[in-house]
1. Which FRET efficiency value, to the nearest 0.05, is calculated for residue 103 and residue 73 with the Förster distance at 22 angstrom and r the Cβ-Cβ distance?
2. Quick check: pseudo-label points 7 Å beyond the Cα along Cα→Cβ at residue 45 and residue 83, how many nm apart are they?
3. To the nearest 10 degrees, how steeply does helix 127-140 sit against the main Cα axis of the chain, on a 0 to 90 scale?
4. Any idea what angle helix 27-36 forms with the longest principal axis of the chain, computed on alpha-carbon atoms, 0 to 90 degrees, nearest 10?
5. With springs only between Cα atoms under 10 Å apart, run a GNM on the chain and tell me which of 13, 64, 23 wobbles the most.
6. As a test of the formula, what do you get for the chain when each DSSP H run with n ≥ 4 contributes -39,500 (n - 2.57) and the sum is divided by the residue count, at 222 nm and rounded to the nearest 500 deg cm²/dmol?
7. Angle, helix 41-53 long axis vs. longest principal axis of the chain, Cα atoms, 0 to 90°, nearest 10?
């Protein structure tokens, strides 16, 4: 059986430059990709250092882009965004920087849009069922429990 041809450090670096240029990446994603390519730990550290030096890899930029995108496109709440960033081993400082990308006004209006949309979908159910469905929907998407309870108490 023929062994798979391994990449040189330079070839792997070129591959990862394209990978990082295509979309923002975090260090964990890049390290996982390099492991997948069969690189040894020393080579992984070298390539990651070079990518940071050449500004292909920047965790603050990643956190900001991630927070903006997940909020605007998927309508995630701050709890879910923070949880997902922590799963990617992003530092607390970078998480704070990412969360600054979401304006309070947009956050508030998005919450109420989702709340109203879900309220219409479950209007045919009993009040208790409506509350449960709305709460679980918003909670799953990472919206804060006090915010959900306040909105539910105003409604019912």
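Values quoted throughout were computed directly from the atomic coordinates according to the rules given, and no laboratory measurement underlies them. In this text, all values refer to a predicted model and were calculated from it rather than measured experimentally. Cβ placement follows ideal geometry from the backbone for every residue including glycine, while neighbour counts extend to all protein chains displayed.
1. Values: r = 16 Å, r/R0 = 0.72.
Efficiency at R0 = 22 Å is approximately 0.90.
2. Label at residue 45, label at residue 83, 3.4 nm between them.
3. Computed tilt is about 20 degrees.
4. Taking Cα atoms only, the helix is inclined about 50 degrees.
5. Of 13, 64, 23, the most mobile in the Gaussian network model is 23.
6. Values: 9 runs with 112 residues, N = 156.
Theoretical 222 nm ellipticity from helices: -22500 deg cm²/dmol.
7. Relative to the chain, helix 41-53 is tipped by roughly 70 degrees.
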